[in-house]
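Just below is one structure, and these are the notes that go with it.
Every number in this text was worked out from the coordinates using simple rules, so none of it is lab data. The structure presented is a predicted model; accordingly, all values stated were derived computationally and were not measured. Cβ atoms come from the backbone with ideal geometry, glycine included; neighbour counts cover every protein chain shown.
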Amino acid sequence: MDAHGPVWELTFKSNVRLAPEDVRRWVSIMEFAQNEEEFEWLLNRASHARSVLEIGSRFGESIYRFAKKIPPKAKFLCIDWPNADDNPLDSERALRIKRHEILAMGHDCDVIFGDSHDSNNIAIAQAYGPFDLVFIDGDHTERGVQQDWDNYGHLGKMVAFHDIAVPPPCYVSGLWIELRRKYYTDEYVAKDSFMGIGIVYREKNVTES
Ligand SMILES: C[S@@+](CC[C@H](N)C(=O)[O-])C[C@H]1O[C@@H](n2cnc3c(N)ncnc32)[C@H](O)[C@@H]1O
């Protein structure tokens, strides 16, 4: 426990050693894994949110940008399993620092360091919810992204997905095509991007699409 509530921790240590120039290159690619224009599009649609659940936070840059956009006293919960996708950098430390910066903005923010598919973590998120926005950007495998939608999608009024336009082995696009048939959705893929962001508006009627 700390002054701002419990933080659940599952710590993983990486044995990978990279040369400094490789580290610098990796950091610049990985620090913010979003297309700026696409993320701005999402921020503009999420600016009214008072509660955000993010699955997959890595260095905390996307949750930090949500926190900067949204007026104080909002509630943020991140679930991130550092190094789950072989990222050899210390993203856990960076996410902890970002959490404290978000708290300093006057928001509530907690981080679960662990697998989003773990039933304990699902139960914790359920107890925190519901959320105005759920942003799914964690496990991009076919089974993984489906599980995140099944386990967390119902907790959000808006459910956003990153990488809806990326071809396999990233499998968000398959699920996204299915969701587009069933729900009221909106999406944006910037001209110079291969990633894309899609939003499911769970409370809007599909016939409004
Ligand atoms: C693409 S990055 C997230 C980028 C972040 N949303 C941003 O825009 O800055 C994906 C993150 O999800 C984590 N991840 C992958 N599988 C996960 C799982 N099963 N549970 C929790 N986190 C997972 C990875 O370790 C990584 O930190």
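Multiplying the sequence separation of ARG50 and ARG96 by 0.36 nm and subtracting their Cα-Cα distance, what value in nm do you get? Don't skip to the answer; put the middle values down first.
Numbers: separation 46, 0.36 × 46 = 16.56 nm, distance 2.11 nm.
This chain segment gains 14.5 nm when fully extended.
How many lysine pairs in the stretch 20-208, separated by 8 or more positions in sequence or lying on different chains, have Cα atoms less than 17 Å apart?
Details: LYS68/LYS98; LYS69/LYS98; LYS73/LYS98; LYS75/LYS98; LYS75/LYS157; LYS157/LYS182; LYS157/LYS204; LYS182/LYS204.
Lysine pairs satisfying the spacing and distance rule in the stretch 20-208 number 8.
If packing is taken as the mean number of other Cβ atoms within 10 Å per residue, what is the order of 55-66, 97-108, highest first?
55-66, 97-108
Any chance you could run the full-extension gain for LYS204 through ARG143? It's 0.36 nm times the residue separation minus the Cα-Cα distance, nm to one decimal.
Taking 0.36 nm per residue and subtracting the Cα distance, the gain is 19.3 nm.
According to the square roots a ≥ b ≥ c of the eigenvalues of the Cα gyration tensor, what is the shape class of the stretch 39-78, taking rounded for a/c under 1.5, prolate for a/b larger than b/c otherwise, and oblate for the remainder?
oblate
Test of understanding: what is the full-extension gain from HIS154 to ALA123, defined as 0.36 nm times their sequence separation minus their Cα-Cα distance?
9.9 nm
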